[in-house]
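See structure below.
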Amino acid sequence: MIVVMAAHATEIEIKDVEQRIVDWGYGVHPIYGTERTVIGAVGVPEADKARYMESLESLPYVEQVIGILRPYKFASREYHPEGTVIDVKGVKVGGNHIALMAGPCTVETYEQTWESAVACKAAGATILRGGAYKPSTSPYSFQGHGVEALKILKDIADKLDMRVITEVMDLRNIELVSQYADILQIGTRNMQNYDLLRELGKIQTPVMIKRGMSAKIEEWLQAAEYVLLGGNRNVMLCERGIRTFESYTRNTLDLSAVPAIKELSHLPIVVDPSQGTGKRSLVIAMTKAAVAVGADGLLIEVHPHPDQALKDGAQSLTCEHFGQLVEELKPIATAVGRSI
Ligand code: PEP
Ligand code: MN
């Protein structure tokens, strides 16, 4: 359940409610907001819940008690109605400004990453993407340059004052990747790797959870719940397309997930039209649509020479395309009350 304290509730009254909840055997997870405090109570005892809710609701310093029937609580909109803004070392994800994350699918060489990063930065991107550990369907295809790639990403991002987002695939690598990355990307193939998610709950590095290619929105939010429950509140989601019967596109980019997530959750939602379509010719239109439906961030693959890319060249924008796209996004963002 979620206890919304009255705006006038004092610190002592807040502590009193927390103590009652603890005494009943719940875990207490407060958010001390500027306007009011919201206290999340999770764990057992479901049987007595109605009675506890009533008793809290009768307190004059409690405004409302909400019982959550959904299988996720910390990820639910009720827990944080104003929406979460994640501070990535000064770059915000969530809130009014749309965060631009761009760069190559994979770090191939220093020069290739540098060229892409310079163009992305010039166009307005603040977060550099690039794969160091690549999840590949085929064991014969390129698996990424690992630590070497992490070093390249960090070096370039530092020089350009950008942040780094890169994928972590294995829980044994969380510490290593966190030394170089500012956001840990959980790939579509790992959305249900619960051991990995649990470990990510123990750190404070921001995490972006991509939607599993066959995951329902509810399952995706439960994946986020694993990380949130562990204590890491810096979680964002990324819609990257789901698997359907359609084969013209690589995936079917489910843009209805964006407003759906906004209804159900307070977590920032990023859209990846690159994996989402698999086709350069469709990326631009779908990016515009993503902004129109309310995406909080965009994750876009940009390569200086897509025809020579080791991975995902067909869906990578050239540096010029990307610059042009960002210009075209600006009036759309303005039209929906956002900035980019
Ligand atoms: C990627 O961003 O390059 C990637 C591999 O993403 P996904 O996990 O969505 O396939
Ligand atoms: Mn890719």
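The values are calculated or read from the model by the stated rules, or taken from the named source; none is laboratory data. In this text the structure is predicted, and so the values were computed from the model without any measurement. Virtual Cβ from ideal backbone geometry, glycine too; neighbours counted across all protein chains shown. For accessibility, only protein heavy atoms count, side chains too; no ligands or nucleic acids. Shrake-Rupley method; radii C 1.70, N 1.55, O 1.52, S 1.80 Å.
Couple of notes before you dig in:
- Subset of segment 107-131 [in contact with a strand residue (DSSP E or B) (Cβ under 7 Å, 6 or more places away or on another chain), open to solvent by 10 Å² or more (accessible area, probe 1.4 Å) and outside any loop (DSSP other than H, G, I, E, B)]: ALA119
- Test: residue in segment 67-83 that is closer than 30 Å to GLU328 by Cα and either among the hydrophobic types (A, V, I, L, M, F, W, C) or modelled with pLDDT of 95 or more (or both): yes
- Checked against (1) open to solvent by less than 10 Å² (accessible area, probe 1.4 Å); (2) over 24 Å from ALA123 (Cα atoms), ARG198 meets all criteria but (1).
- Selection count, segment 284-314, where residues are touching a helix residue (DSSP H, G or I) at 6+ places or on another chain (Cβ under 7 Å) and either open to solvent by 60 Å² or more (accessible area, probe 1.4 Å) or more than 13 Å from ligand 1 (Cβ to nearest atom) (or both): 14
- Odd one out for LEU329, checked against (1) under 19 Å from the mean Cα position of the chain (by Cα); (2) assigned to a helix (DSSP H, G or I); (3) crowded, with 18+ Cβ neighbours inside 10 Å; (4) touching a residue at least 40 places away in the same chain (Cβ under 8 Å): (1)
- Screening the candidates LYS73, LYS134, LYS92, LYS159 for the property of being assigned to a helix (DSSP H, G or I) and either within 14 Å of ligand 2 (Cβ to nearest atom) or open to solvent by 10 Å² or more (accessible area, probe 1.4 Å) (or both) yields one hit, LYS159.
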